[in-house]
Amino acid sequence: MSRLQALHIYAGPKALAHLHQNGLAPHHVNVIPAAAGGPKGLILGAMDRFLFGEWLPRSQQPIDLVGASIGAWRMATACLNQPVQAFERLEHDYIHQHYEVPAGQKRPSAQQVSDEFGHSLQAFYGGRVDEVLNHPRYRLHVVTSRGRGLLAREHALLTPLGYAAAFALNAAHRPWMGAMLERVVFSAQAAALPFECQDFATQRMTLNQRNFMQALQASCSIPFVLKAIHDIADAPHGAYWDGGITDYHLHLNYQGLVLYPHFQQAVVPGWLDKALTWRHSASPFLDNTIVLAPNPEWVKTLPNGKLPDRTDFTTYGNDLSARVAVWQKTTRASEQLADELAQWLDKPDMARIQRL
């Protein structure tokens, strides 16, 4: 009996036309996005190692890497020397992160998580920021969400009110959420953004030695789970949170051919759109996009019948070894995704491509 196919390939109409006419070669790729989604991103580790360690080095063109939250961590890791080893360390460090729950509490405090996560980033990138900022080919773009109005500073009362207002504004009309939050993208080498910004309030800042750690931690700072990062160096004052709030899956109006390793087919615009299912369909923004995602039926064969997610932290609590065992089993299974991708790239079967 043949094993269940793990990888699904989806393409927007222009990307589909490109594939039929030209196939897919490393030198065709202009942009790689990397979504927010916490532990779900672990399913992409094997594909990251294959793409950045074996496949993309066969080409020489510049590539824009756009990431939010764990996606920003992944794309910054891609810019390190010896990316395969760097991705292996990222997977290990992410799986083994642990925040001891104090006695009498259900979860660690946001301050505790922020402090420990900040130390983890320093340990991971300390002394290596130049590798990320000055990569000869990859131009990193770290997406953050900067608070405005009630969210301009983190506050015990105003922050929940501000996010309630942001949710209401976003539900009515996504651009209206710009009154509460704006997209701020920190770009290495002062690179131009590889997407248009008319969809939402946006600022672009230069990513540098002074603000790298702040910007990366801000991009991963889930509201109420971690503390906001305030007043990032060489950027407008204010509170900065997870880039996934404004751009959960980076559903952006990209320029050039986009190769998107993702953990699902749907590219959801913002974190507050998770429940707004009418916004989960592909739009013309994704016409040039190829999405590589796990088969939902294959996902059901993983431990607990799902991808790793943030609920696992509370499900397993202080039982670190149990969570580590489940997540490691999942990441080992994810090697099938990379194997199938490599096989498809070697002998493309256009019948496998589904419309995005």
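The values are calculated or read from the model by the stated rules, or taken from the named source; none is laboratory data. Note that the structure is predicted; figures quoted are calculated from it, not measured. Positions of Cβ are generated from backbone atoms using ideal geometry, with glycine treated the same way; all protein chains shown enter the neighbour counts.
Per-structure values
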| quantity | calculated |
| --- | --- |
| Subset of the range 120-140 [assigned to a helix (DSSP H, G or I), in contact (Cβ under 8 Å) with a residue 60 or more places away in the chain, touching a helix residue (DSSP H, G or I) at 6+ places or on another chain (Cβ under 9 Å) and not polar (S, T, N, Q)] | 121, 125, 129, 132, 133 |
| Residue within the range 312-321 that is modelled with pLDDT under 95, among the small types (Gly, Ala, Ser), more than 30 Å from residue 175 (Cα to Cα) and surrounded by fewer than 21 Cβ atoms within 10 Å (Cβ to Cβ) present | yes |
| Test: residue in the range 49-64 that is closer than 23 Å to residue 269 by Cα, in contact (Cβ under 8 Å) with a residue 12 or more places away in the chain and either of a type in the set (S, T, N, Q) or surrounded by 20 or more Cβ atoms within 10 Å (Cβ to Cβ) (or both) | yes |
| Unmet criterion (only one of (1) surrounded by fewer than 24 Cβ atoms within 10 Å (Cβ to Cβ); (2) modelled with pLDDT of 95 or more; (3) on the phi > 0 side of the Ramachandran plot) for residue 250 | (1) |
| Answer from 107, 58 - the residue that is basic (Lys, Arg) and modelled with pLDDT of 95 or more | 58 |
| Out of 53, 104, sole residue that is closer than 24 Å to residue 308 by Cβ and small (Gly, Ala, Ser) | 53 |
| Long-range neighbours under 8 Å by Cβ, at least six apart or interchain, first residue farther than 15 Å from residue 313 by Cα within the range 83-108, second assigned to a helix (DSSP H, G or I) and of a type in the set (Lys, Arg) | 83/49; 84/49; 87/49; 87/74; 88/49; 90/74 |
| Selection from the range 103-121 of residues that are surrounded by 12 or more Cβ atoms within 10 Å (Cβ to Cβ) and either in contact with a Cys (Cβ under 8 Å, 6 or more places away or on another chain) or not basic (Lys, Arg) (or both) | 108, 109, 110, 112, 113, 114, 115, 116, 117, 118, 120, 121 |
| Residues of the range 146-164 that turn out to be farther than 22 Å from residue 277 by Cβ and either touching an Asp or Glu at 6+ places or on another chain (Cβ under 7 Å) or in a helix (DSSP H, G or I) (or both), as a count | 10 |
| Any hit, the range 206-223, residues being out of contact with any Leu (no Cβ under 7 Å at 6 or more places or on another chain), among the basic types (Lys, Arg), assigned to a loop (DSSP other than H, G, I, E, B) and buried (at least 21 other Cβ atoms within 10 Å of the Cβ) | no |
| Residue satisfying all of: in the range 166-187; more than 14 Å from residue 238 (Cβ to Cβ), free of Cβ contacts under 8 Å to residues at least 40 places away in the same chain and not hydrophobic (A, V, I, L, M, F, W, C); surrounded by the most Cβ atoms within 10 Å (Cβ to Cβ) among these | 175 |
| Matching option when the condition is modelled with pLDDT of 95 or more, within 28 Å of residue 298 (Cβ to Cβ), in contact with a helix residue (DSSP H, G or I) (Cβ under 7 Å, 6 or more places away or on another chain) and among the aliphatic types (A, V, I, L, M), among 276, 226, 216 | 276 |
| Long-range neighbours under 8 Å by Cβ, at least six apart or interchain, first residue among the β-branched types (Val, Ile, Thr) within the range 299-317, second assigned to a loop (DSSP other than H, G, I, E, B) and buried (at least 18 other Cβ atoms within 10 Å of the Cβ) | 299/307 |
| Strands (runs of 3 or more DSSP E) enclosed by the range 237-356 - at least 1 residues per element that are more than 19 Å from residue 96 (Cβ to Cβ) and under 16 Å from the mean Cα position of the chain (by Cα) | 239-242, 258-261, 289-294 |
| Where a residue in the range 338-351 is under 14 Å from residue 261 (Cα atoms) and its partner, wherever it lies, is surrounded by 12 or more Cβ atoms within 10 Å (Cβ to Cβ) and at pLDDT below 95, with Cβ under 6 Å and at least six apart | none |
